[in-house]
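Note sheet for the following structure.
The values are calculated or read from the model by the stated rules, or taken from the named source; none is laboratory data. In this text the structure is predicted, and so the values were computed from the model without any measurement. With ideal geometry, Cβ positions are generated from the backbone for all residues, glycine too; neighbour counts draw on all protein chains shown. Please note that ligands, DNA and RNA were not included when accessible areas were found on the heavy atoms of the full protein model with its side chains. Shrake-Rupley method; radii C 1.70, N 1.55, O 1.52, S 1.80 Å.
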Amino acid sequence: MRRFSAAELFLCLLPIAAVACGSTGSRTLDAPTISRRHTPRTEPVDVEHYALDVALDPAARTIAGTCRVSMIAVQSGVAELSLDLEGLSVENVRDRAGNELGFVHDGATLFVMLADALDAGERLELAIEYSGTPRAGLWFVGDGPAPARHVFTQGECEASRAWFPCFDYPADRATSEIRVEMPAEWTSVCAGELVDQGELAGARRFEHWRMATPHPTYLTTLVAGDFVVQTDEWEGVPLLYLAPEVYADFIPASFERTPEVLAFLSDFAGLRFPYAKYSQACVDDFPFGGMENISATTLTCETLTDARGHRDRGSIGLVVHEAAHQWFGDLLTCREWSHIWLNEGFATYCTELWFEAQEGRESFQIRMRDVQDSYTSQDVGANRRPTVHDVYRDPMDLFFGGHTYQGGAARLHLLRGVLGDDAFFAGVRRYVTENQGRGVRTDDLRVALQGFTDRDLGPLFDEWFFSAGFPVFRFDSSWANGELNVVVEQLQEDGGRTPAVFHLPVEVEVRFEDETRVELLELTERRQVFRFDAPTEPRWVRLDPNDWIPKQIEITRPAQVWMDLAANCANPSGRREALQVLSMAIATETDEAARGRMSRVIAAQLANDPIDRVRVAAAKALATGKGSSERGALIDGVKRDASADVRVAALKSLYAFGRDPQLAKFAEETFYAGYSWKVMAAAAGLRASAGPEDAFSWVLGRLETPSPHAVLEADLLDVLSTLEDPRAMPLMVDRAFSADRHPNVRKVAVRALGRMPRVEPEVRQQLIEMLDVSNFHLRQDVIRALGALNETAAHPRLSALYRVSADPRERRLIEDVAQDLAD
């Protein structure tokens, strides 16, 4: 590194001083960062291209590389640059001519002094040599002294800076290339297409990938390891599927529908898949389900499973979600993190649209209702905020709390309901076409949609995207003398954040004996009364019968109307809601005849409803009856239903029948039938409740049954942890602290220890030492268990972990646990 002159050193240190003076607190447990408003970031240069040359050392778990950054000045007088680079060492910085440039690296920012100030429009290339062990961004997989099994990167939101120097914010887009050196037996995948590869000395090889589409730095990706690679294609686009060899047989079942998915999404977006290839690489210890790196998605290996596992949960939803991001998030990226819902809300809604196309309207309706309810259940209290929100500590904090995924998808669904299908889908295609290759804000979507409707969308966007909350309705109807009165009240408390009135159209369904009429109302006031001609008394009246609006509703109906809805409502979410109400009614009903009528309606839906989520609700509702007819209906559901979810719900409802030798035998038969892993686990739970005398021994005898990712062992261990048996504690200790056990098993054991009333000091100390495990999800359960045990001795280790943790979710969790320990 060349020496600075005194003037250069002063100029270079000014930004550091400014950062220090503007700090909101260090990232320690004693002084956590605070939420603050984030303004859009700008830089004096526009990066055009990143070229990375990275050597991986899996034994030392280090990287060494050169990052060449090509950029153009967007203003005159640019004499120094500030690049993001956290935790790595910088050897030198050179310009295109090879001249060494002065620099200061404070551990988070790399300040570079230019030889000459740049004029607007002048180009510059920096070559930065750096090395070290990344503490974030790039992960070496595997614990212990053995070399890492493979490597993956995870740049979202601001972690790319932890493995290469860059301008790490979503509005800055550049093309990229990566040349990676790795062990000879490894293969890699990066964004774009493979342009070169070859052998190197010392049992090494290289691969060179290039991405021609500009993208934000957080989408820059590298996955490398000893993987099996399977190939496919869609309309000339190569498709690559990578995973550790142990999962090779599971790859086709998870990814074989990828060509259909790309065709579906190309049609929805109105733009053909825009990249040279698409890869899906599965890695161990991935902290999320998947990550939509441009043209190269990374996913958890947990999505790879066998036929039993796919009956429990298939991969297709995850595949669609991440593929949708190739348009919504990659080709169009939120310009600031405050608009992240444009990435995640669209991907979530695209997933539901896929199921609408594959499974039909009714399946889509109940799935969307679940999305809406997930959002409304979370957007409450201190968690209430607008969808577009620029106040946070770390941008990753915006991803949790229901607003970004489910809340974003629910609002897109609302827009579809307001505009109608033709206008909505045409507007989305215009949004994609007009904004491809750039950063977007919420108003870009409004402008695109506005061209297809006469309704002014400004107020709707203000209320639903820039204000907080959702409507809470009280709905009532009455009929007399040929007139139907409908009363709609909005009860939500505004508190200065939530609108007192949501102004929007809403449908009302009026069901007569032989026909159904739908009236369209316009909500403009806190309380409104609407009157309609109705020659006969309706069977029922429903507000928002197609569930376009994310909402909560207060409504009271007679039991007979709920039974009618449970059997005959066209919307499956209406049938499910009725079943849930009937379940509560049975629990309090004293009239045996009335109980029997309600139970028969529920049993009929379990047997005959075409939608599995309704049948799940019916199975759960029958647990309150506890009679022979309910028992028989549940057993039939376990035997005959095609849905593993329904079988699981029916088995768990049978737990309520208590000790029953016949049920214990039935549970054993169901376990050995092996319909799915979750069904087997639920059957073991029934065996425990119906035959408690030898339950622990019976379940323990099946604990080692092999299953992908040890899912059955984990679930059986969970069953054992609930049984009052002296063997439970040593079993949980063994599984929790055995490093050779699958993390899924260890997580269950750790959670169980956190629930147990008497945990010995040496076990508590072992839990504290487990804070060093590399598996992210296991470590989170260790933190929670220590909090549940009120283990104050863990505070120093939690503080140390807090200072080095690279994941905002983990830091928030440690803060919560530390607060509980302090109280």
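Pop the C-beta distance of Arg539 and Val246 into the FRET formula with R0 = 51 Å and round what comes out to the nearest 0.05.
With R0 = 51 Å, the Cβ-Cβ based efficiency is 0.35.
To the nearest 0.05, how large is the calculated FRET efficiency for Ala79 and Thr33 if R₀ is 35 Å and r is the Cβ-Cβ distance?
So the FRET efficiency works out to roughly 0.70.
Expressed as a whole number of Å, what is the distance separating the alpha-carbon centroids of region 299-360 and region 666-680?
When both Cα centres are located, 30 Å separates them.
For region 557-590 and region 711-730, what is the separation of their Cα centres, given in Å?
36
In vacuo Debye scattering of region 568-644, one point per C-alpha: log10 I(q)/I(0) at q = 0.21, 0.22, 0.23 Å⁻¹?
-0.85, -0.93, -1.01
With θ set to phi - 60°, apply the Karplus curve 6.51 cos²θ - 1.76 cosθ + 1.60 along region 450-456 and write out the HN-Hα couplings as whole Hz, x wherever there is a Gly or Pro.
Working through the residues one at a time gives 4, x, 10, 8, 8, 6, 5 Hz.
Largest first, please: the extent of the C-alpha atoms of region 718-777 along each principal axis, to the nearest Å.
32, 23, 16
Quote to one decimal, in nm, the extra length available between Glu185 and Asp267 on full extension: 0.36 nm per residue of separation minus the C-alpha distance between them.
Additional length available on full extension: 25.6 nm.
Put a dot 7 Å past each Cα toward the Cβ at Glu483 and Phe512; how far apart are the dots in nm?
In this crude spin-label approximation the distance works out to 1.8 nm.
If you plug each phi of region 355-366 into the Karplus form 6.51 cos²θ - 1.76 cosθ + 1.60 with θ = phi - 60°, what whole-Hz ³J(HN,Hα) values come out, in order, with x for Gly and Pro?
Karplus values, whole Hz, x for Gly and Pro: 5, 4, 5, 8, 10, x, 5, 5, 4, 4, 4, 6.
Could you order the peptides 563-573, 240-250 from most to least packed, using the average number of other C-beta atoms within 10 Å per residue?
The peptides rank, most packed first, as 563-573, 240-250.
If you wrap region 191-295's Cα atoms in a convex hull and average its projection over all directions, what's the area in nm²?
Spelled out: convex hull of the Cα atoms, projected over all directions, averaged, 8.1 nm².
Only residues of region 792-823 count here: report those whose backbone N is under 18 Å from the spot 7 Å along Cα→Cβ of Arg41, or say none.
806-809
At a Cα cut-off below 28 Å, give the lysines reachable from Lys652, other chains included and same-chain residues fewer than 8 away excluded.
Cross-link targets: Lys620, Lys626, Lys639, Lys665, Lys678, Lys747.
Taking amide H positions as placed 1.01 Å from N in the peptide plane, with prolines and chain starts having none, which residues 5 or more places from Val45, or on another chain, fall under 5 Å of its amide H?
Val74
Shape call for region 307-460 from the C-alpha gyration tensor, a ≥ b ≥ c root eigenvalues: rounded (a/c under 1.5), prolate (a/b greater than b/c) or oblate?
rounded
Run through region 701-776 and list the GluC sites (Glu not before Pro) located in a DSSP loop whose Cβ has at most 12 other Cβ atoms within 10 Å.
Answer in residue order: Glu704, Glu724.
Would you compute, from DSSP H runs of 4+ residues alone, the mean residue ellipticity of the chain at 222 nm, taking -39500 (n - 2.57) per run and dividing by the full residue count, rounded to the nearest 500?
After summing the helix terms and dividing by the residues of the chain, the value is -12000 deg cm²/dmol.
Under a crude label model (7 Å from the Cα following the beta-carbon direction), how far is Gln819 from Glu519 in nanometres?
4.7
Would you mind classifying region 267-390 by shape? Square roots of the alpha carbon gyration tensor eigenvalues, ordered a ≥ b ≥ c; an a/c under 1.5 is rounded, otherwise it is prolate if a/b is larger than b/c and oblate if not.
rounded
Binning at 10 angstrom from zero up to the longest distance, how are the C-alpha pair distances of region 111-237 distributed in percent?
11, 34, 36, 15, 4, 0
Sequence-distant or interchain residues sharing an amide H contact under 5 Å with Ala191, placed H: which?
Excluding prolines and chain starts, which carry no amide H, the hits are Thr221.
Starting from the Cα of Ala97, step 7 Å along the direction of its Cβ; do the same at Ala212; then give the gap between the two resulting points in nm.
Distance between label points: 3.3 nm.
Please sort 119-129, 265-275 by packing, taking for each peptide the average over its residues of neighbouring beta carbons within 10 angstrom, highest first.
Peptide ranking by packing, descending: 265-275, 119-129.
Run a plain Debye calculation on region 671-822 (Cα atoms as equal point scatterers, no solvent) and give log10 I(q)/I(0) at q = 0.09, 0.17, 0.18, 0.21 Å⁻¹, rounded to two decimals, same order as the q list.
For the requested q values the scattering log ratios are -0.31, -0.94, -1.01, -1.23.
Could you run the Karplus curve 6.51 cos²θ - 1.76 cosθ + 1.60 with θ = phi - 60° over region 379-385 and give me ³J(HN,Hα) per residue in whole Hz, x for Gly and Pro?
So the Karplus estimates, Gly and Pro as x, are 7, 9, x, 5, 7, 6, 7 Hz.
Could you bin all the Cα-Cα distances of the chain into 20 Å bins starting at 0 and give me the percent of pairs in each, rounded to whole numbers?
Reading upward from the zero bin: 14, 42, 35, 8, 1.
Go through region 470-512 and name the GluC sites (Glu not before Pro) that are in a DSSP coil and have 16 or fewer other Cβ atoms within 10 Å of their Cβ.
Glu493
Leaving out ligands, DNA and RNA, what percent of the accessible area of the chain is carbon and sulfur, probe 1.4 Å?
Percent of accessible area from carbon and sulfur atoms in the chain: 49.
What does the accessible area per residue of region 590-673 come to in Å², with a 1.4 Å probe and no ligands, DNA or RNA counted?
Value for region 590-673: 47 Å² per residue.
Sequence gap at least 6, Cα distance under 8 Å: using those rules, report the relative contact order of the chain to the nearest whole percent.
The normalised contact order for the chain reaches 7 percent.
Could you let me know the centre-to-centre spacing of region 774-789 and region 409-441, using Cα atoms, in angstrom?
Each part's Cα centre sits 41 Å from the other's.
For region 428-472, rounded, prolate or oblate, judged on the Cα gyration tensor with a ≥ b ≥ c (square roots of eigenvalues), a/c < 1.5 rounded, else prolate if a/b > b/c?
oblate
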